[in-house]
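Peer 1: Would you mind keeping the following structure in view while I ask a few things?
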Amino acid sequence: VIYEIRGVLSVEKEYLAMYQGIKANSREIDFLKQQEKKAATRADAIICVSERFKRYLIQEYGLNAEKIEVITSCVDTEAFFYSQAMRNEERARLNLENRYVVVYSGSMFAWQLPEQMVKVFSLIKQIRDDAYFLVLTNETEPILSYIKECTNSCRTTRRKSPTEPLKGITIRPL
């Protein structure tokens with residue numbers, strides 16, 4: 001049996017409950033932890049996505065390191081590649097040619113630390129007046145609530161439409 005594990009559902013459920021401001025179901029979490037440990041200890045081999053995750057599995061479940069193979073997530077280099085021309089074109093389209101751009105792309109779940117992202121950006125903005133935070137997500141409300149908390153340092157304004165950039169921050173759907 002090969003167990004391919006990309007995350008720890010019990011931990012993600014706890015984070016999700018925290019993110020939603022509700023109490024996690026401890027019986028469900030305990031059950032998930034038992035099942036995850038059972039799957040990990042009974043598997044002949046485990047595939048995980050990083051060395052750090054491998055260390056977590058060894059520490060959490062007392063696994064033999066030789067049982068775990070790290071295979072990082074792969075990307076299609078035909079679809080995702082660096083192009084200076086495309087970069088320049090997109091920066092011009094967003095009017096960011098001469099800006100220091102910080103980009104976040106992904107979900108706004110608690111384990112992605114959206115509040116900390118905004119705080120870090122506000123510190124960058126204090127150092128670099130030309131800093132611009134580009135957030136690519138389908139979950140705009142969580143990040144907007146964190147942005148409101150740092151409006152002085154981020155110098156943001158609420159958008160009138162989803163495509164209108166914020167002053168210093170743009171949030172675009174993925």
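The values are calculated or read from the model by the stated rules, or taken from the named source; none is laboratory data. If you're wondering where the values come from, they're calculated on a predicted model, not measured in any experiment. For neighbour counting, all protein chains shown are included, and Cβ atoms are generated from backbone atoms with ideal geometry for every residue, glycine included.
Peer 1: Just name the residue that is surrounded by the fewest Cβ atoms within 10 Å (Cβ to Cβ) out of those in the stretch 97-109 that are out of contact with any strand residue (DSSP E or B) (no Cβ under 6 Å at 6 or more places or on another chain) and under 14 Å from Phe133 (Cα atoms).
Peer 2: Asn98
Peer 1: Among the residues that make up the stretch 76-94, is at least one of them of a type in the set (Lys, Arg), surrounded by fewer than 16 Cβ atoms within 10 Å (Cβ to Cβ) and within 22 Å of Ile5 (Cα to Cα)?
Peer 2: Scanning the stretch 76-94 turns up no residue that is of a type in the set (Lys, Arg), surrounded by fewer than 16 Cβ atoms within 10 Å (Cβ to Cβ) and within 22 Å of Ile5 (Cα to Cα).
Peer 1: I would also like to ask the following. Inside the stretch 7-21, can you point out the residues that are within 15 Å of Glu60 (Cα to Cα) and not in a helix (DSSP H, G or I)?
Peer 2: Result: Gly7, Val8.
One line per residue, one yes/no per condition, for (1) farther than 30 Å from Pro142 by Cα; (2) at pLDDT 90 or above:
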site: Gly21; (1), (2): no, no
site: Gln35; (1), (2): yes, yes
site: Asp44; (1), (2): yes, yes
site: Glu51; (1), (2): yes, yes
site: Tyr56; (1), (2): no, yes
site: Glu60; (1), (2): yes, yes
site: Val75; (1), (2): no, no
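Peer 1: Considering only residues that are aliphatic (A, V, I, L, M) and within 23 Å of the chain's Cα centre (by Cα), look in the stretch 55-75 and name the one that is surrounded by the most Cβ atoms within 10 Å (Cβ to Cβ).
Peer 2: Leu57
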